[in-house]
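Accompanying notes for the structure given below.
The values are calculated or read from the model by the stated rules, or taken from the named source; none is laboratory data. The shown structure was predicted, so the numbers you read here are calculated from the model rather than taken from an experiment. Methodologically, a virtual Cβ is constructed for each residue, glycine included, from the backbone with ideal geometry; neighbour enumeration extends over all protein chains shown. For the accessible areas, the whole protein counts, side chains as well, though only heavy atoms, and no ligand, DNA or RNA atoms are used. Shrake-Rupley method; radii C 1.70, N 1.55, O 1.52, S 1.80 Å.
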Amino acid sequence: MKALVLVDHPENKIQLLEVEKPVPTEGKVLIKLKAAALNRRDQWIREGKYPNIQMNTILGSDGAGIVEEVSAGVSSDLIRNEVIINPNIEWGENPKVQSKGYSILGMPVNGTFAEYVEVEASKIYKKPTHLSWEEAASIPLGGLTAFRAVFTQGQVSAGQNVLISGAGGGVAQFAMLYALAAQANVYVTSGSADKINTCIDLGAKAGFNYKIEDWQKEALQVSGGFDVVIDSAGGDQLNDFIKMMKPSGRIVFYGATNGTPQKLDMFRMFWNQITLQGSTMGNDQEFGQMVTFINEHKIKPILDSVRPFSEIVFAFDAMKAGGTFGKLVVSLND
């Protein structure tokens with residue numbers, strides 16, 4: 001079968017190669033992929049910026065396809081089911097935090113950038129019928145990360161003011177869609193006026209360009225303050241968020257691309273009872289809750305582009321170049 005493999009090459013770190021088709025071992029199923037989607041994680045692995053990198057691994061955490069084979073002990077009723085894949089591996093017993101043995105599909109375990117993938121039978125969920133293969137494939141990692149940030153950690157509910165930073169990112173876009181479905185008042189930030197306008201077209205009340213001086217004052221004036229902020233960048237802007245929070249507000253961050261703040265306005269935080277909460281991709285129970293939520297609200301992920309699997313390296317290059325809006329997806333349809 002064809003697969004995108006991480007290799008020890010001085011220039012071409014990811015290569016489409018012919019590899020052996022997996023045979024499902026005990027408790028697992030074999031899925032024929034119909035579509036797969038890229039995440040920043042994949043590009044970071046390509047660039048060597050991810051911990052515990054293992055060469056000769058098939059990358060990819062997001063995918064949707066059809067169950068083709070099952071191992072002994074797994075119900076044959078699953079064969080021919082159309083499914084999406086939960087990329088969690090060994091989350092552990094505690095739903096609040098992942099175990100020390102936790103990992104994500106697509107390294108160290110072979111992932112979804114292949115014609116076939118072997119996964120645990122417990123990690124497959126029926127594909128939402130209102131979604132195309134490409135839309136369904138775009139959900140797992142980014143969708144689950146956003147779901148945990150918005151609902152488990154952020155506790156977003158109807159009528160609350162929610163600010164989602166960096167609206168060009170895939171997780172941020174899922175967070176926006178979820179918060180809108182929950183009937184929250186959604187606001188976004190971006191360095192692109194076009195992306196802000198697109199978010200407003202999708203239902204956001206307003207957006208703020210963080211490249212413009214004093215955007216924070218405008219955001220506070222327009223919104224009246226925020227109950228929840230969902231952020232992936234961290235850095236000194238955390239203090240800007242603290243100033244814009246309503247009393248007992250929650251700042252949830254699932255990344256720190258801007259690093260740590262030089263200082264933190266702890267006085268304002270304790271006086272206003274503000275919570276600063278870290279978050280990661282969600283647990284297995286949250287994945288099921290997310291699929292139910294997507295089905296109930298008929299949520300459709302935002303796609304930037306769909307390419308044939310043969311052009312997946314070009315999709316990686318597009319991600320590296322930036323400027324995309326929505327998920328980058330590759331199709332494996334025959």
Consider D77 against the criteria (1) assigned to a helix (DSSP H, G or I); (2) of a type in the set (D, E); (3) surrounded by fewer than 19 Cβ atoms within 10 Å (Cβ to Cβ); (4) touching a strand residue (DSSP E or B) at 6+ places or on another chain (Cβ under 6 Å): it satisfies all of them except one. Which criterion is unmet? (4)
I want to confirm something. Restricting to segment 152-163 and keeping residues that are in contact (Cβ under 8 Å) with a residue 60 or more places away in the chain and not aliphatic (A, V, I, L, M), which single residue is most open to solvent (accessible area, probe 1.4 Å)? Q155
Does segment 183-194 contain at least one residue that is part of a loop (DSSP other than H, G, I, E, B) and modelled with pLDDT of 95 or more? yes
V83: under 16 Å from V23 (Cα atoms), open to solvent by less than 10 Å² (accessible area, probe 1.4 Å) and at pLDDT 95 or above, yes or no? no
Filtered residues of segment 96-131 (kept if under 14 Å from N81 (Cα atoms) and open to solvent by 30 Å² or more (accessible area, probe 1.4 Å)): S122, Y125, K126, T129
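Pick out, from segment 253-334, the helices (runs of 4 or more DSSP H) lying fully within it that include 1 or more residues that are within 19 Å of the chain's Cα centre (by Cα), at pLDDT 95 or above and more than 24 Å from I242 (Cα to Cα). Before you say what the answer is, go through the steps one by one.
On the way: elements: 266-271, 284-297, 312-321.
Filter on segment 253-334 gives 284-297, 312-321.
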When (1) open to solvent by less than 40 Å² (accessible area, probe 1.4 Å); (2) hydroxyl-bearing (S, T, Y); (3) out of contact with any Ser or Thr (no Cβ under 9 Å at 6 or more places or on another chain) are applied to S61, the one that fails is (3)
For segment 201-230, which positions are outside any loop (DSSP other than H, G, I, E, B) and within 21 Å of G142 (Cα to Cα)? L202, V228, V229, I230
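How many residues does segment 64-74 hold that are acidic (D, E) and surrounded by fewer than 18 Cβ atoms within 10 Å (Cβ to Cβ)? Break it down into steps so the answer makes sense when it comes.
Filtering segment 64-74 down to residues acidic (D, E) leaves 68-69.
Subset that is surrounded by fewer than 18 Cβ atoms within 10 Å (Cβ to Cβ): 68.
Summing the residues that are acidic (D, E) and surrounded by fewer than 18 Cβ atoms within 10 Å (Cβ to Cβ) in segment 64-74 gives 1.
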Any residue in segment 118-135 that is more than 12 Å from G27 (Cβ to Cβ) and touching a residue at least 40 places away in the same chain (Cβ under 8 Å) sitting within a Cβ distance under 8 Å of a residue that is aromatic (F, W, Y) and outside any strand (DSSP E or B)? List the pairs, counting only those 6 or more apart or interchain. Y125/F287; K127/W133
